[in-house]
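See structure below.
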Amino acid sequence: MAEPLLVLQGVAKTFGGVQAVKNLSFQLHAGEILGLIGPNGSGKSTSVNLISGTLPVTSGTIHFRGAPVNGLGISQRVPLGLARTFQTTTLFPEFSVVEHVLTACHSAFNASPLSSILRFAAARQEEHAQRQKALELAEFVGLGELSHAPVASLSSAQQRLLMIATALASDPKLILLDEPAAGMVAIERKALSQLIFNIRARGVAVLVIEHHMGLIMEVCERIVVLNFGEKIAEGSPEAIRTNPAVIDAYLGSQH
Ligand code: ADP
Ligand code: MG
């Protein structure tokens, strides 16, 4: 198999006295849809924060596309091809859908020593290309009809789709989705499953974090399970579904 896209080795995160993530190691390959599950408070969002560079690790190493990224913050990881969505929707309510996606379209415009008039023409072309790309992404996630609607008018499920479109605008190799199905009804979850398959078909690997097992079991080839910050299982959906430690963790979390 080719070199993994993402490698975590002995990653840990401590907040004061709380060990949110302990000695976490796993790999993710290009073209893969990997699930990260666990009860509430098991360290899923913290793991996404560490992988995306939103938070620095306390110890351990993270490699992305063969290079260590420990010392890089989120804004330095995005250009390498690592994008994420947030569990809570953090959006610009007054923007239109397309404008929102445009905020993340990274400029390929190269300010080389052209004459100012040429630069202006090139910038215009670039702006047009990015607008087309933003429209295409809005359509891709199922918001084509709402391209010009204000973000504030979207349902919470639609806002989650918009966050995915915005994350895809940076042309990631890997997208991290933190509880993308939160607040969705069954039919919206069904559409989200299809969207996750379509994202992979674009050549983007997916790491999906969920509290509930349904969507994960449907879309993931492989699942990593956390409990109290530690990896307690890793395997196929079938193996995870019947794993006694996983069943215990989920049953235990209901008490
Ligand atoms: P999950 O996403 O699986 O529900 P989290 O990663 O959000 O879990 O949280 C794991 C643990 O770390 C919890 O005990 C939580 O209270 C704690 N934690 C998460 N973020 C912080 C933070 N910024 N400061 C202090 N404790 C935190
Ligand atoms: Mg969380």
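Residue-wise test of (1) of a type in the set (A, V, I, L, M, F, W, C); (2) within 16 Å of ligand 1 (Cβ to nearest atom).
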site: Leu34; (1), (2): yes, yes
site: Ser47; (1), (2): no, yes
site: Ser52; (1), (2): no, yes
site: His63; (1), (2): no, no
site: Gly71; (1), (2): no, no
site: Ile74; (1), (2): yes, yes
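Every condition in (1) more than 18 Å from the chain's Cα centre (by Cα); (2) away from ligand 1 (no atom under 16 Å from the Cβ); (3) not hydroxyl-bearing (Ser, Thr, Tyr) is met by Leu6 except one, and the failing one is (1).
This table checks each residue for (1) within 16 Å of ligand 2 (Cβ to nearest atom); (2) of a type outside the set (A, V, I, L, M); (3) farther than 24 Å from Lys173 by Cβ.
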residue: Val11; (1), (2), (3): no, no, no
residue: Ala20; (1), (2), (3): yes, no, yes
residue: Thr46; (1), (2), (3): yes, yes, no
residue: Gly53; (1), (2), (3): no, yes, no
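Read-outs throughout are calculated quantities, based only on the coordinates presented, and are distinct from any laboratory measurement. These numbers were taken from a predicted model, which means no experiment stands behind them. Here the Cβ is made from the backbone with ideal geometry for all residues, glycine too, and neighbour counts use every protein chain on show.
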